[in-house]
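The values are calculated or read from the model by the stated rules, or taken from the named source; none is laboratory data. Bear in mind the structure is a predicted one, so any value in this text is a computation, not a measurement. All Cβ positions, glycine included, derive from the backbone under ideal geometry; neighbour counts span all protein chains shown. Note: accessible area is taken over every heavy atom of the protein model, side chains too, but ligands, DNA and RNA are not part of it. Shrake-Rupley method; radii C 1.70, N 1.55, O 1.52, S 1.80 Å.
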Amino acid sequence: MSMAVSSPDDEDDLVSEINTTPLVDVMLVLLIIFLITIPVVIQSVPVGLPKERNVPTQTKPENIVIAVGKDGEVFWNNQLIDERRLLERLKQVAVKQPQPEIHIRGDKDGRYEFVGRVVFACQRAGILKIGFITEPPGRNGARHEG
(Lines give C-alpha, C1' and ligand atoms only; values in the text may rest on other atoms or scores of the structure.)
Protein backbone atom coordinates (compact mmCIF):
# COMPACT_ATOMS: atom_id res chain seq x y z
CA MET A 1 0.00 0.00 0.00
CA SER A 2 1.23 3.32 -0.86
CA MET A 3 0.08 6.64 0.35
CA ALA A 4 0.11 9.72 -1.82
CA VAL A 5 1.74 12.50 0.03
CA SER A 6 1.69 15.89 -1.60
CA SER A 7 3.61 18.95 -0.80
CA PRO A 8 1.83 22.00 0.66
CA ASP A 9 2.80 23.99 -2.39
CA ASP A 10 0.33 22.18 -4.64
CA GLU A 11 -2.50 24.35 -5.98
CA ASP A 12 -4.98 21.50 -6.06
CA ASP A 13 -5.87 22.02 -2.42
CA LEU A 14 -9.51 22.56 -1.58
CA VAL A 15 -10.26 26.13 -0.45
CA SER A 16 -12.66 26.09 2.49
CA GLU A 17 -13.11 29.89 2.74
CA ILE A 18 -16.05 31.74 1.19
CA ASN A 19 -15.26 34.50 -1.27
CA THR A 20 -17.16 37.45 0.22
CA THR A 21 -16.19 40.03 -2.38
CA PRO A 22 -19.29 39.51 -4.59
CA LEU A 23 -21.54 39.61 -1.51
CA VAL A 24 -20.02 42.89 -0.34
CA ASP A 25 -20.37 44.36 -3.85
CA VAL A 26 -24.06 43.48 -4.03
CA MET A 27 -24.74 44.85 -0.55
CA LEU A 28 -23.04 48.15 -1.37
CA VAL A 29 -25.06 48.52 -4.56
CA LEU A 30 -28.30 47.85 -2.67
CA LEU A 31 -27.33 50.33 0.02
CA ILE A 32 -26.71 53.04 -2.57
CA ILE A 33 -30.02 52.30 -4.32
CA PHE A 34 -31.94 52.56 -1.05
CA LEU A 35 -30.16 55.76 -0.03
CA ILE A 36 -31.16 57.35 -3.33
CA THR A 37 -34.79 56.14 -3.52
CA ILE A 38 -36.00 56.42 0.10
CA PRO A 39 -36.09 60.25 0.22
CA VAL A 40 -38.14 60.26 -2.98
CA VAL A 41 -40.68 57.79 -1.56
CA ILE A 42 -41.01 59.58 1.78
CA GLN A 43 -41.86 62.95 0.25
CA SER A 44 -45.57 63.58 -0.13
CA VAL A 45 -47.86 66.33 -1.28
CA PRO A 46 -49.02 68.53 1.62
CA VAL A 47 -52.79 68.16 1.91
CA GLY A 48 -54.96 69.69 4.61
CA LEU A 49 -57.21 66.85 5.76
CA PRO A 50 -60.43 67.62 7.60
CA LYS A 51 -60.44 66.99 11.32
CA GLU A 52 -63.17 64.86 12.86
CA ARG A 53 -65.65 67.04 14.67
CA ASN A 54 -68.44 65.81 16.83
CA VAL A 55 -70.88 68.66 16.32
CA PRO A 56 -74.59 67.87 16.55
CA THR A 57 -76.51 68.49 13.36
CA GLN A 58 -78.52 71.69 13.38
CA THR A 59 -81.65 70.67 11.58
CA LYS A 60 -83.33 73.64 10.00
CA PRO A 61 -86.72 73.26 8.36
CA GLU A 62 -85.32 74.26 4.98
CA ASN A 63 -82.53 71.65 5.07
CA ILE A 64 -83.12 68.57 2.94
CA VAL A 65 -82.06 65.11 4.08
CA ILE A 66 -81.35 62.62 1.32
CA ALA A 67 -80.86 59.05 2.52
CA VAL A 68 -79.16 56.42 0.38
CA GLY A 69 -80.07 52.81 1.20
CA LYS A 70 -77.86 49.74 1.09
CA ASP A 71 -79.17 48.73 -2.34
CA GLY A 72 -79.07 52.23 -3.84
CA GLU A 73 -82.58 53.44 -3.00
CA VAL A 74 -82.74 57.23 -2.63
CA PHE A 75 -85.09 58.87 -0.13
CA TRP A 76 -85.94 62.60 -0.16
CA ASN A 77 -86.98 63.50 3.39
CA ASN A 78 -88.02 59.86 4.01
CA GLN A 79 -89.93 59.52 0.69
CA LEU A 80 -88.61 57.13 -1.99
CA ILE A 81 -87.57 58.96 -5.18
CA ASP A 82 -85.92 57.92 -8.46
CA GLU A 83 -82.75 59.53 -9.88
CA ARG A 84 -84.54 61.53 -12.61
CA ARG A 85 -87.00 63.04 -10.13
CA LEU A 86 -84.15 63.67 -7.68
CA LEU A 87 -82.32 65.84 -10.20
CA GLU A 88 -85.52 67.79 -10.99
CA ARG A 89 -86.20 68.50 -7.32
CA LEU A 90 -82.57 69.47 -6.69
CA LYS A 91 -82.75 71.98 -9.56
CA GLN A 92 -85.91 73.47 -8.03
CA VAL A 93 -84.19 73.78 -4.64
CA ALA A 94 -80.98 75.23 -6.12
CA VAL A 95 -82.69 78.46 -7.23
CA LYS A 96 -84.10 79.26 -3.77
CA GLN A 97 -82.53 82.12 -1.81
CA PRO A 98 -80.99 81.29 0.58
CA GLN A 99 -80.15 77.91 -0.83
CA PRO A 100 -80.89 75.10 1.64
CA GLU A 101 -78.23 72.63 2.68
CA ILE A 102 -78.38 69.04 1.46
CA HIS A 103 -77.55 66.44 4.12
CA ILE A 104 -76.73 62.97 2.79
CA ARG A 105 -77.08 59.88 4.96
CA GLY A 106 -75.44 56.84 3.41
CA ASP A 107 -75.94 53.28 4.59
CA LYS A 108 -72.68 51.88 5.99
CA ASP A 109 -73.14 48.65 4.01
CA GLY A 110 -74.00 50.42 0.75
CA ARG A 111 -71.59 50.96 -2.11
CA TYR A 112 -69.96 54.37 -2.41
CA GLU A 113 -71.17 54.49 -6.01
CA PHE A 114 -74.75 55.11 -4.79
CA VAL A 115 -73.72 58.04 -2.61
CA GLY A 116 -71.50 59.32 -5.44
CA ARG A 117 -74.50 59.46 -7.77
CA VAL A 118 -76.39 61.64 -5.31
CA VAL A 119 -73.38 63.95 -4.90
CA PHE A 120 -73.05 64.17 -8.68
CA ALA A 121 -76.74 65.03 -9.02
CA CYS A 122 -76.28 67.79 -6.43
CA GLN A 123 -73.33 69.18 -8.39
CA ARG A 124 -75.28 69.11 -11.66
CA ALA A 125 -78.17 70.94 -10.02
CA GLY A 126 -75.88 73.65 -8.63
CA ILE A 127 -76.19 72.88 -4.93
CA LEU A 128 -73.46 74.71 -3.00
CA LYS A 129 -73.62 73.09 0.46
CA ILE A 130 -73.57 69.32 0.83
CA GLY A 131 -73.01 67.62 4.15
CA PHE A 132 -72.69 63.99 5.24
CA ILE A 133 -74.43 62.71 8.34
CA THR A 134 -72.64 59.95 10.25
CA GLU A 135 -73.13 58.11 13.50
CA PRO A 136 -71.01 59.49 16.34
CA PRO A 137 -68.19 57.24 17.53
CA GLY A 138 -68.81 55.23 20.67
CA ARG A 139 -67.06 55.93 23.94
CA ASN A 140 -64.29 53.41 23.19
CA GLY A 141 -63.78 54.71 19.63
CA ALA A 142 -65.92 52.04 17.94
CA ARG A 143 -68.76 53.01 15.66
CA HIS A 144 -72.33 52.41 16.79
CA GLU A 145 -73.73 49.19 15.31
CA GLY A 146 -77.39 50.06 14.90
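Accessible surface for Lys129 stands near 120 Å², nearest 10, in the context of the full protein assembly shown (1.4 Å probe).
Across the accessible surface of region 87-134, with the other protein chains kept in place and a 1.4 Å probe, carbon and sulfur atoms take up 50 percent. The accessible area of Asp13, taken with all protein chains in place and a 1.4 Å probe, comes to roughly 90 Å². Extending 7 Å from Cα along the Cβ direction at Leu14 and again at Asp71 yields two label points whose distance is 7.6 nm.
Computed with a 1.4 Å probe on the full set of protein chains, the accessible area for Phe34 sits at about 120 Å².
FRET efficiency for the Asp109 to Leu80 pair, using the beta carbon distance and R₀ = 22 Å, is estimated at 0.75.
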